[in-house]
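Worksheet for the structure shown next.
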Amino acid sequence: MNLYLRSADYQALAASDNTAALTPPLALGSVGEEASGDDRRWMGHALTLAERAAAMGEVPVGAVLIREGQVLGEGWNCPIATHDPSAHAEIRALRDAGHRAGNYRLPGATLYVTLEPCPMCASALVHARVARVVFGARDPKGGACGSVFHLLPPDQRFNHRLACLGEVLADECGDILRRFFQQRRRLARLERMPAPLPGGLPPQAAE
């Protein structure tokens with residue numbers, strides 16, 4: 001099944017999985033804004049960070065925090081290498097930005113991330129008082145920006161409101177994830193293949 005989809009693909013996904021309870025995602029630009037050239041440029045930067053995660057064998061998600069046109073923090077998925085289940089790209093970008101700024105509150109900052117944030121990361125972004133979140137591919141298995149959960153943009157129950165824009169460079173962000181998991185599946189199949197016998201013949205040919 002093809003994960004990390006655009007909004008137009010959700011109807012087919014729901015039909016194929018027979019999941020009537022699948023919640024439709026929020027509309028692109030849920031606060032009425034459109035992606036700008038800067039949005040696409042910084043999402044491209046986040047994609048380069050996602051490539052770093054892929055090179056480490058981690059799920060390729062990258063994130064960058066921008067304030068006043070400058071990089072405030074960067075991160076990429078790293079839970080396996082760090083033995084840390086919270087080491088998502090967004091969390092690592094927030095930690096980096098907090099150290100640079102000398103403050104865990106990051107007002108006026110925009111986070112660009114290649115995959116729709118999960119509930120953990122969405123909550124951390126609210127606590128950090130980030131002003132805006134821009135994400136690439138949607139995550140129909142655990143996205144918190146309307147795909148599965150409705151945490152971003154936050155409603156009146158939260159004490160901080162932030163803007164949320166989705167599906168910026170969605171195809172490119174989805175492609176890097178699909179390529180990664182396709183390669184993982186190919187390697188898993190190769191590992192399951194029986195070892196050849198001496199002489200190069202596979203076990204089936206020797207029988």
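Among the residues of the stretch 88-111, which ones are open to solvent by less than 40 Å² (accessible area, probe 1.4 Å), of a type outside the set (A, V, I, L, M) and touching a Pro at 6+ places or on another chain (Cβ under 9 Å)?
Passing the criteria: only E90.
Conditions (1) among the hydroxyl-bearing types (S, T, Y); (2) farther than 20 Å from L47 by Cβ; (3) within 11 Å of the chain's Cα centre (by Cα); (4) open to solvent by less than 20 Å² (accessible area, probe 1.4 Å), marked per residue:
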{"position": "V113", "(1), (2), (3), (4)": "no, no, yes, yes"}
{"position": "E116", "(1), (2), (3), (4)": "no, no, yes, yes"}
{"position": "C121", "(1), (2), (3), (4)": "no, no, yes, yes"}
{"position": "V134", "(1), (2), (3), (4)": "no, no, yes, yes"}
{"position": "D139", "(1), (2), (3), (4)": "no, no, yes, no"}
{"position": "Q156", "(1), (2), (3), (4)": "no, yes, no, no"}
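Going by what's in this entry, would A35 be described as open to solvent by less than 70 Å² (accessible area, probe 1.4 Å), at pLDDT 50 or above and either within 14 Å of the chain's Cα centre (by Cα) or aromatic (F, W, Y) (or both)?
no
If you check L28, L3, which single one turns out to be of a type outside the set (G, A, S), on the phi < 0 side of the Ramachandran plot, modelled with pLDDT under 95 and open to solvent by 60 Å² or more (accessible area, probe 1.4 Å)?
Only one candidate passes the filter, namely L28.
Within the stretch 87-111, how many residues are closer than 18 Å to G44 by Cα and in contact with a Lys or Arg (Cβ under 6 Å, 6 or more places away or on another chain)?
2
Select, from A81, A87, A97, A124, the only residue that is in contact with a strand residue (DSSP E or B) (Cβ under 9 Å, 6 or more places away or on another chain) and part of a helix (DSSP H, G or I).
It is A97.
Name the single residue, out of those in the stretch 100-121 being touching a strand residue (DSSP E or B) at 6+ places or on another chain (Cβ under 7 Å) and in a helix (DSSP H, G or I), that is nearest to R179 (Cα to Cα).
At the first step, the residues of the stretch 100-121 found to be touching a strand residue (DSSP E or B) at 6+ places or on another chain (Cβ under 7 Å) are 100-101, 106, 108-117.
Checking which are in a helix (DSSP H, G or I) leaves us with 100-101.
Working: R100: 33, A101: 35 Å.
Step by step, filter the stretch 100-121, then rank; the result is R100.
Report yes if some residue within the stretch 51-73 is open to solvent by less than 30 Å² (accessible area, probe 1.4 Å), under 15 Å from D171 (Cα atoms), of a type in the set (A, V, I, L, M) and out of contact with any helix residue (DSSP H, G or I) (no Cβ under 7 Å at 6 or more places or on another chain); otherwise report no.
So far as the stretch 51-73 goes, no, none of its residues is open to solvent by less than 30 Å² (accessible area, probe 1.4 Å), under 15 Å from D171 (Cα atoms), of a type in the set (A, V, I, L, M) and out of contact with any helix residue (DSSP H, G or I) (no Cβ under 7 Å at 6 or more places or on another chain).
The values are calculated or read from the model by the stated rules, or taken from the named source; none is laboratory data. On a predicted model such as this, the values are computed, not experimentally measured, just so you know. Every residue, glycine among them, receives a Cβ derived from its backbone with ideal geometry; neighbour counts consider all protein chains shown. The accessibility values were calculated without ligands, DNA or RNA, using every heavy atom of the protein model including side chains. Shrake-Rupley method; radii C 1.70, N 1.55, O 1.52, S 1.80 Å.
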